[in-house]
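Here's the structure, in C-alpha coordinates; my notes come after.
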Amino acid sequence: MTISQNIIIGSSPISLVKAILMGRSNKEILIIDKGKSIGGCWQISQHSGMNFDLGCHFLVPFEADVDNIKLISAFKNLGISAELTNPKAYFDRKIDEIKDYSRDYKYIKVEGGYPNIIKTLHDCILDLGIPILKDNILSISVDNEVSLIGERKDYKTENLFIPSYCDLRKIEVHGKNIDLECPYQDSQHLVILAKGLWNKKHYDYYFLNESDKFTFDKLTVHEGHEKHLFNIRVGKKHKLKSDEELIKLASDFIKELGYEIKKIIYSERHIYEFPYRSELYVRNFQKNLDHESGGKIKMFYTRNFTKALLEANV
Ligand SMILES: Cc1cc2nc3c(=O)[nH]c(=O)nc-3n(C[C@H](O)[C@H](O)[C@H](O)COP(=O)(O)OP(=O)(O)OC[C@H]3O[C@@H](n4cnc5c(N)ncnc54)[C@H](O)[C@@H]3O)c2cc1C
(Lines give C-alpha, C1' and ligand atoms only; values in the text may rest on other atoms or scores of the structure.)
Protein backbone atom coordinates (compact mmCIF):
# COMPACT_ATOMS: atom_id res chain seq x y z
CA MET A 1 0.00 0.00 0.00
CA THR A 2 1.37 3.42 -0.99
CA ILE A 3 0.09 6.46 0.89
CA SER A 4 0.33 10.05 -0.33
CA GLN A 5 -1.47 13.18 0.85
CA ASN A 6 -2.43 14.02 -2.76
CA ILE A 7 -2.66 11.78 -5.80
CA ILE A 8 -3.13 12.83 -9.41
CA ILE A 9 -4.17 10.29 -12.03
CA GLY A 10 -2.74 11.02 -15.48
CA SER A 11 0.24 12.85 -16.90
CA SER A 12 -1.18 14.97 -19.72
CA PRO A 13 0.24 18.53 -19.66
CA ILE A 14 -2.50 19.83 -17.37
CA SER A 15 -2.01 16.96 -14.89
CA LEU A 16 1.69 17.85 -14.84
CA VAL A 17 0.87 21.55 -14.35
CA LYS A 18 -1.45 20.67 -11.46
CA ALA A 19 1.32 18.59 -9.86
CA ILE A 20 3.87 21.39 -10.32
CA LEU A 21 1.59 23.94 -8.63
CA MET A 22 1.05 21.60 -5.66
CA GLY A 23 4.73 20.68 -5.52
CA ARG A 24 5.66 24.39 -5.47
CA SER A 25 3.40 24.85 -2.42
CA ASN A 26 5.26 22.01 -0.71
CA LYS A 27 2.37 19.58 -0.83
CA GLU A 28 3.11 15.88 -0.95
CA ILE A 29 1.99 14.61 -4.33
CA LEU A 30 2.15 11.41 -6.35
CA ILE A 31 1.31 11.04 -10.05
CA ILE A 32 0.01 7.71 -11.34
CA ASP A 33 -0.27 7.00 -15.06
CA LYS A 34 -0.90 3.77 -16.92
CA GLY A 35 0.58 4.94 -20.24
CA LYS A 36 3.85 3.68 -21.75
CA SER A 37 5.20 7.22 -21.54
CA ILE A 38 4.05 10.46 -19.97
CA GLY A 39 2.00 13.12 -21.77
CA GLY A 40 -1.42 11.49 -22.25
CA CYS A 41 -2.58 12.38 -25.74
CA TRP A 42 0.46 14.69 -26.10
CA GLN A 43 2.85 11.91 -27.12
CA ILE A 44 6.28 12.91 -28.34
CA SER A 45 8.51 10.97 -30.71
CA GLN A 46 11.98 11.49 -32.11
CA HIS A 47 13.40 10.51 -35.46
CA SER A 48 16.47 11.65 -37.42
CA GLY A 49 17.15 14.40 -34.89
CA MET A 50 13.60 15.79 -35.06
CA ASN A 51 11.30 15.96 -32.06
CA PHE A 52 7.69 15.89 -33.01
CA ASP A 53 4.26 15.75 -31.50
CA LEU A 54 2.41 12.57 -32.49
CA GLY A 55 -0.95 14.14 -31.67
CA CYS A 56 -0.64 17.04 -34.13
CA HIS A 57 -1.74 19.69 -31.64
CA PHE A 58 -2.72 23.30 -32.24
CA LEU A 59 -3.13 25.76 -29.38
CA VAL A 60 -5.94 28.18 -30.03
CA PRO A 61 -5.93 31.53 -28.22
CA PHE A 62 -8.89 33.26 -26.59
CA GLU A 63 -11.06 35.98 -28.04
CA ALA A 64 -10.15 38.42 -25.26
CA ASP A 65 -6.66 39.94 -25.16
CA VAL A 66 -6.74 39.98 -21.37
CA ASP A 67 -7.06 36.16 -21.32
CA ASN A 68 -4.24 35.76 -23.83
CA ILE A 69 -1.96 37.93 -21.68
CA LYS A 70 -2.75 35.66 -18.70
CA LEU A 71 -2.10 32.58 -20.84
CA ILE A 72 1.32 33.73 -22.06
CA SER A 73 2.19 34.67 -18.49
CA ALA A 74 1.07 31.20 -17.27
CA PHE A 75 3.41 29.60 -19.82
CA LYS A 76 6.21 31.90 -18.63
CA ASN A 77 5.64 30.90 -15.00
CA LEU A 78 6.13 27.30 -16.09
CA GLY A 79 9.40 28.12 -17.87
CA ILE A 80 7.85 27.95 -21.35
CA SER A 81 8.34 30.78 -23.79
CA ALA A 82 5.19 31.28 -25.86
CA GLU A 83 3.76 33.98 -28.08
CA LEU A 84 0.56 34.78 -29.89
CA THR A 85 1.21 34.88 -33.60
CA ASN A 86 -0.21 34.19 -37.04
CA PRO A 87 0.19 30.59 -38.08
CA LYS A 88 1.32 29.76 -41.57
CA ALA A 89 -1.99 28.03 -41.90
CA TYR A 90 -4.43 27.03 -44.51
CA PHE A 91 -8.01 26.50 -43.43
CA ASP A 92 -10.32 25.17 -46.06
CA ARG A 93 -12.63 22.49 -47.29
CA LYS A 94 -11.11 21.25 -50.46
CA ILE A 95 -7.54 21.10 -51.64
CA ASP A 96 -8.45 22.69 -54.97
CA GLU A 97 -9.89 25.79 -53.26
CA ILE A 98 -6.78 26.92 -51.41
CA LYS A 99 -7.22 30.12 -49.47
CA ASP A 100 -4.55 31.52 -47.24
CA TYR A 101 -6.09 32.54 -43.93
CA SER A 102 -2.76 32.97 -42.18
CA ARG A 103 -3.32 36.64 -41.54
CA ASP A 104 -6.81 36.18 -40.09
CA TYR A 105 -6.02 33.57 -37.45
CA LYS A 106 -3.75 33.49 -34.45
CA TYR A 107 -2.28 30.58 -32.54
CA ILE A 108 0.02 30.06 -29.60
CA LYS A 109 3.54 29.43 -30.81
CA VAL A 110 5.83 27.75 -28.30
CA GLU A 111 9.61 28.05 -28.43
CA GLY A 112 11.06 24.68 -29.38
CA GLY A 113 7.64 23.52 -30.63
CA TYR A 114 4.89 21.73 -28.76
CA PRO A 115 7.12 18.76 -27.75
CA ASN A 116 8.94 21.31 -25.59
CA ILE A 117 5.82 21.73 -23.40
CA ILE A 118 5.94 18.14 -22.13
CA LYS A 119 9.74 18.18 -21.81
CA THR A 120 9.81 21.40 -19.76
CA LEU A 121 6.97 20.28 -17.48
CA HIS A 122 8.55 16.87 -16.99
CA ASP A 123 11.93 18.46 -16.11
CA CYS A 124 10.13 20.63 -13.55
CA ILE A 125 8.40 17.55 -12.04
CA LEU A 126 11.82 15.86 -11.73
CA ASP A 127 13.34 18.99 -10.12
CA LEU A 128 10.53 19.09 -7.58
CA GLY A 129 11.11 15.38 -6.83
CA ILE A 130 7.48 14.44 -7.59
CA PRO A 131 7.26 10.70 -8.24
CA ILE A 132 5.45 9.35 -11.32
CA LEU A 133 4.38 5.73 -10.90
CA LYS A 134 3.26 3.51 -13.73
CA ASP A 135 0.02 1.76 -12.79
CA ASN A 136 -3.49 1.31 -14.11
CA ILE A 137 -6.08 2.38 -11.53
CA LEU A 138 -8.93 -0.10 -11.74
CA SER A 139 -11.27 1.20 -9.04
CA ILE A 140 -11.68 4.05 -6.58
CA SER A 141 -13.71 4.18 -3.40
CA VAL A 142 -14.26 6.93 -0.84
CA ASP A 143 -15.05 6.72 2.87
CA ASN A 144 -12.90 8.64 5.36
CA GLU A 145 -10.06 8.44 2.88
CA VAL A 146 -9.82 7.71 -0.82
CA SER A 147 -8.68 4.18 -1.72
CA LEU A 148 -7.37 3.26 -5.12
CA ILE A 149 -6.91 -0.25 -6.41
CA GLY A 150 -4.26 -0.46 -9.10
CA GLU A 151 -3.08 -3.33 -11.28
CA ARG A 152 0.25 -3.28 -9.46
CA LYS A 153 -0.49 -1.79 -6.04
CA ASP A 154 -3.12 -0.24 -3.80
CA TYR A 155 -3.00 3.40 -2.70
CA LYS A 156 -4.57 5.68 -0.09
CA THR A 157 -4.86 9.44 -0.23
CA GLU A 158 -6.67 12.40 1.35
CA ASN A 159 -7.24 14.16 -1.97
CA LEU A 160 -7.54 12.61 -5.40
CA PHE A 161 -7.48 14.54 -8.68
CA ILE A 162 -8.65 12.92 -11.89
CA PRO A 163 -8.47 14.39 -15.42
CA SER A 164 -11.47 14.88 -17.71
CA TYR A 165 -10.46 11.87 -19.81
CA CYS A 166 -9.77 9.58 -16.86
CA ASP A 167 -10.23 5.98 -17.95
CA LEU A 168 -12.57 4.71 -15.23
CA ARG A 169 -16.16 3.48 -15.43
CA LYS A 170 -17.36 4.24 -11.91
CA ILE A 171 -16.30 5.59 -8.53
CA GLU A 172 -17.81 4.31 -5.27
CA VAL A 173 -18.57 7.06 -2.76
CA HIS A 174 -19.81 5.94 0.69
CA GLY A 175 -21.20 2.74 -0.87
CA LYS A 176 -22.95 4.59 -3.73
CA ASN A 177 -21.79 4.22 -7.35
CA ILE A 178 -21.07 7.36 -9.36
CA ASP A 179 -21.23 6.47 -13.02
CA LEU A 180 -18.42 7.60 -15.33
CA GLU A 181 -19.63 5.69 -18.37
CA CYS A 182 -18.73 7.25 -21.74
CA PRO A 183 -17.83 6.19 -25.28
CA TYR A 184 -14.24 5.64 -26.40
CA GLN A 185 -12.83 7.60 -29.29
CA ASP A 186 -9.61 7.19 -31.09
CA SER A 187 -7.47 9.82 -32.66
CA GLN A 188 -5.32 8.53 -35.52
CA HIS A 189 -2.32 10.19 -37.13
CA LEU A 190 0.11 9.19 -39.82
CA VAL A 191 3.62 10.42 -39.42
CA ILE A 192 5.68 10.56 -42.61
CA LEU A 193 9.27 11.73 -42.68
CA ALA A 194 10.39 12.42 -46.22
CA LYS A 195 13.22 13.88 -48.24
CA GLY A 196 11.89 16.13 -50.95
CA LEU A 197 11.10 19.66 -51.94
CA TRP A 198 8.18 22.01 -52.20
CA ASN A 199 7.29 23.28 -55.63
CA LYS A 200 4.23 25.24 -54.46
CA LYS A 201 3.51 27.81 -51.75
CA HIS A 202 3.11 25.83 -48.56
CA TYR A 203 1.97 26.22 -44.95
CA ASP A 204 2.77 24.79 -41.52
CA TYR A 205 -0.83 23.82 -40.76
CA TYR A 206 -3.62 22.63 -42.99
CA PHE A 207 -7.18 22.21 -41.70
CA LEU A 208 -9.48 20.42 -44.09
CA ASN A 209 -12.98 19.08 -44.05
CA GLU A 210 -12.95 15.33 -44.26
CA SER A 211 -15.38 13.72 -46.72
CA ASP A 212 -15.84 10.38 -48.45
CA LYS A 213 -13.32 11.59 -51.01
CA PHE A 214 -10.78 13.25 -48.70
CA THR A 215 -9.26 10.94 -46.12
CA PHE A 216 -7.46 13.50 -43.96
CA ASP A 217 -8.66 16.55 -42.03
CA LYS A 218 -5.58 18.08 -40.42
CA LEU A 219 -1.90 18.28 -41.28
CA THR A 220 1.13 19.84 -39.64
CA VAL A 221 4.47 20.18 -41.36
CA HIS A 222 7.78 20.34 -39.49
CA GLU A 223 10.86 21.38 -41.42
CA GLY A 224 14.16 19.67 -40.65
CA HIS A 225 17.56 19.73 -42.35
CA GLU A 226 16.83 18.61 -45.95
CA LYS A 227 13.72 16.75 -44.80
CA HIS A 228 10.14 17.35 -43.79
CA LEU A 229 7.93 15.64 -41.28
CA PHE A 230 4.24 15.44 -42.09
CA ASN A 231 1.80 14.67 -39.27
CA ILE A 232 -1.56 13.91 -40.83
CA ARG A 233 -4.81 13.26 -38.96
CA VAL A 234 -7.08 10.53 -40.34
CA GLY A 235 -10.73 11.56 -40.75
CA LYS A 236 -13.47 9.69 -38.84
CA LYS A 237 -14.83 7.83 -41.87
CA HIS A 238 -11.44 6.43 -42.85
CA LYS A 239 -10.09 4.97 -39.61
CA LEU A 240 -10.70 1.35 -40.62
CA LYS A 241 -8.39 1.57 -43.63
CA SER A 242 -5.18 -0.50 -43.51
CA ASP A 243 -1.79 1.04 -42.70
CA GLU A 244 -0.60 0.43 -46.30
CA GLU A 245 -3.64 2.11 -47.85
CA LEU A 246 -3.42 5.13 -45.52
CA ILE A 247 0.32 5.61 -46.09
CA LYS A 248 -0.27 5.48 -49.84
CA LEU A 249 -3.17 7.98 -49.61
CA ALA A 250 -1.10 10.24 -47.34
CA SER A 251 1.81 10.25 -49.81
CA ASP A 252 -0.58 11.15 -52.64
CA PHE A 253 -2.09 13.89 -50.45
CA ILE A 254 1.32 15.42 -49.73
CA LYS A 255 2.17 15.34 -53.44
CA GLU A 256 -1.16 17.02 -54.22
CA LEU A 257 -0.20 19.86 -51.85
CA GLY A 258 2.88 20.46 -54.01
CA TYR A 259 5.60 18.43 -52.25
CA GLU A 260 7.80 16.32 -54.46
CA ILE A 261 8.75 13.23 -52.44
CA LYS A 262 12.24 11.95 -53.27
CA LYS A 263 12.34 9.36 -50.50
CA ILE A 264 10.16 8.33 -47.55
CA ILE A 265 12.63 7.91 -44.67
CA TYR A 266 10.11 6.70 -42.14
CA SER A 267 6.38 6.31 -41.64
CA GLU A 268 4.23 5.39 -38.66
CA ARG A 269 0.56 5.15 -37.78
CA HIS A 270 -0.21 6.44 -34.29
CA ILE A 271 -3.52 5.57 -32.60
CA TYR A 272 -4.54 7.18 -29.30
CA GLU A 273 -7.67 5.82 -27.65
CA PHE A 274 -9.39 7.80 -24.90
CA PRO A 275 -12.75 7.95 -23.11
CA TYR A 276 -14.51 10.90 -24.66
CA ARG A 277 -16.45 13.26 -22.37
CA SER A 278 -18.19 16.36 -23.64
CA GLU A 279 -17.69 19.81 -22.09
CA LEU A 280 -21.20 19.68 -20.56
CA TYR A 281 -20.61 16.19 -19.13
CA VAL A 282 -17.32 17.28 -17.54
CA ARG A 283 -18.80 20.46 -16.04
CA ASN A 284 -21.75 18.58 -14.49
CA PHE A 285 -19.60 15.69 -13.35
CA GLN A 286 -17.10 18.05 -11.67
CA LYS A 287 -19.86 19.50 -9.47
CA ASN A 288 -21.51 16.15 -8.73
CA LEU A 289 -18.27 14.37 -7.80
CA ASP A 290 -17.06 17.25 -5.65
CA HIS A 291 -20.39 17.33 -3.80
CA GLU A 292 -20.78 13.55 -3.33
CA SER A 293 -17.18 12.98 -2.22
CA GLY A 294 -17.13 15.99 0.14
CA GLY A 295 -14.32 17.54 -1.94
CA LYS A 296 -12.05 14.48 -1.58
CA ILE A 297 -12.09 13.70 -5.32
CA LYS A 298 -11.94 16.42 -7.93
CA MET A 299 -12.20 16.01 -11.67
CA PHE A 300 -10.08 18.85 -12.97
CA TYR A 301 -10.73 20.37 -16.34
CA THR A 302 -8.35 19.13 -19.04
CA ARG A 303 -10.54 19.07 -22.13
CA ASN A 304 -9.03 22.10 -23.84
CA PHE A 305 -5.42 22.86 -23.06
CA THR A 306 -5.46 26.66 -23.22
CA LYS A 307 -8.71 26.93 -21.25
CA ALA A 308 -7.43 24.42 -18.68
CA LEU A 309 -4.18 26.36 -18.25
CA LEU A 310 -6.12 29.54 -17.49
CA GLU A 311 -8.38 27.67 -15.05
CA ALA A 312 -5.35 26.19 -13.28
CA ASN A 313 -4.37 29.71 -12.11
CA VAL A 314 -0.67 29.27 -12.79
C1 LIG B 1 -6.55 13.30 -29.41
C2 LIG B 1 -6.64 14.62 -28.72
C3 LIG B 1 -6.20 15.78 -29.36
C4 LIG B 1 -6.27 17.02 -28.70
N5 LIG B 1 -5.83 18.14 -29.36
C6 LIG B 1 -5.82 19.33 -28.74
C7 LIG B 1 -5.30 20.49 -29.35
O8 LIG B 1 -4.84 20.43 -30.49
N9 LIG B 1 -5.32 21.65 -28.65
C10 LIG B 1 -5.81 21.74 -27.38
O11 LIG B 1 -5.80 22.80 -26.78
N12 LIG B 1 -6.29 20.65 -26.77
C13 LIG B 1 -6.31 19.47 -27.41
N14 LIG B 1 -6.80 18.36 -26.79
C15 LIG B 1 -7.33 18.60 -25.51
C16 LIG B 1 -6.80 17.75 -24.48
O17 LIG B 1 -8.02 17.47 -23.86
C18 LIG B 1 -5.77 18.27 -23.47
O19 LIG B 1 -4.73 18.86 -24.10
C20 LIG B 1 -5.27 17.15 -22.57
O21 LIG B 1 -4.24 16.40 -23.14
C22 LIG B 1 -6.34 16.22 -22.12
O23 LIG B 1 -5.88 15.74 -20.90
P24 LIG B 1 -6.49 14.53 -20.15
O25 LIG B 1 -5.57 14.29 -19.01
O26 LIG B 1 -7.92 14.72 -19.84
O27 LIG B 1 -6.47 13.34 -21.18
P28 LIG B 1 -5.29 12.55 -21.84
O29 LIG B 1 -4.37 13.45 -22.58
O30 LIG B 1 -5.93 11.42 -22.57
O31 LIG B 1 -4.47 11.98 -20.59
C32 LIG B 1 -5.04 11.10 -19.66
C33 LIG B 1 -3.88 10.40 -18.98
O34 LIG B 1 -4.38 9.72 -17.84
C35 LIG B 1 -3.93 8.38 -17.85
N36 LIG B 1 -5.01 7.59 -17.25
C37 LIG B 1 -6.33 7.64 -17.57
N38 LIG B 1 -7.02 6.77 -16.80
C39 LIG B 1 -6.12 6.16 -15.99
C40 LIG B 1 -6.22 5.15 -15.00
N41 LIG B 1 -7.40 4.56 -14.69
N42 LIG B 1 -5.10 4.76 -14.35
C43 LIG B 1 -3.89 5.34 -14.64
N44 LIG B 1 -3.74 6.28 -15.60
C45 LIG B 1 -4.84 6.69 -16.27
C46 LIG B 1 -3.69 8.04 -19.32
O47 LIG B 1 -2.70 7.05 -19.45
C48 LIG B 1 -3.21 9.39 -19.88
O49 LIG B 1 -1.83 9.54 -19.78
C50 LIG B 1 -6.77 17.11 -27.41
C51 LIG B 1 -7.22 15.94 -26.79
C52 LIG B 1 -7.16 14.71 -27.42
C53 LIG B 1 -7.62 13.45 -26.69
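The values are calculated or read from the model by the stated rules, or taken from the named source; none is laboratory data. Values in this document were obtained by computation on a predicted structure and should not be read as measured data. Virtual Cβ from ideal backbone geometry, glycine too; neighbours counted across all protein chains shown.
Tabulated results
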read-out: Residue in region 233-246 that is away from the ligand (no atom under 14 Å from the Cβ) and among the β-branched types (Val, Ile, Thr) present; value: no
read-out: Tally of residues being farther than 14 Å from residue 22 by Cα and away from the ligand (no atom under 13 Å from the Cβ) across region 114-153; value: 12
read-out: Top-ranked residue in region 292-311 [being crowded, with 17+ Cβ neighbours inside 10 Å and among the basic types (Lys, Arg); ranked as farthest from the ligand (Cβ to nearest atom)]; value: 296
read-out: One residue from 193, 240, 246 being at pLDDT 90 or above, within 25 Å of the chain's Cα centre (by Cα), crowded, with 19+ Cβ neighbours inside 10 Å and farther than 19 Å from residue 43 by Cα; value: 246
read-out: Filter result for the condition that a residue is more than 30 Å from residue 261 (Cα to Cα) and crowded, with 17+ Cβ neighbours inside 10 Å, over 173, 110; value: 173
read-out: Odd one out for residue 230 among (1) buried (at least 18 other Cβ atoms within 10 Å of the Cβ); (2) of a type in the set (A, V, I, L, M, F, W, C); (3) over 30 Å from residue 141 (Cβ atoms); (4) within 16 Å of the ligand (Cβ to nearest atom); value: (4)
read-out: From 79, 39, residue being within 11 Å of the ligand (Cβ to nearest atom) and either within 25 Å of residue 107 (Cβ to Cβ) or β-branched (Val, Ile, Thr) (or both); value: 39
read-out: Residue selected from region 156-171 under the condition outside any loop (DSSP other than H, G, I, E, B) and within 26 Å of the chain's Cα centre (by Cα), by the criterion nearest to the ligand (Cβ to nearest atom); value: 163
read-out: Selected residue [surrounded by 13 or more Cβ atoms within 10 Å (Cβ to Cβ) and under 22 Å from residue 16 (Cβ atoms)] from 274, 253; value: 274
read-out: Filter pass, residue 7 being closer than 21 Å to residue 298 by Cβ, within 9 Å of the ligand (Cβ to nearest atom), at pLDDT 95 or above and more than 15 Å from the chain's Cα centre (by Cα); value: no
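Yes/no per residue for (1) in the same structural domain as residue 288 (by TED's automatic domain parsing); (2) farther than 24 Å from residue 52 by Cα; (3) out of contact with any strand residue (DSSP E or B) (no Cβ under 6 Å at 6 or more places or on another chain); (4) not in a loop (DSSP other than H, G, I, E, B):
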position: 152; (1), (2), (3), (4): no, yes, yes, no
position: 194; (1), (2), (3), (4): no, no, no, yes
position: 209; (1), (2), (3), (4): no, no, yes, no
position: 219; (1), (2), (3), (4): no, no, no, yes
position: 222; (1), (2), (3), (4): no, no, no, yes
position: 250; (1), (2), (3), (4): no, no, no, yes
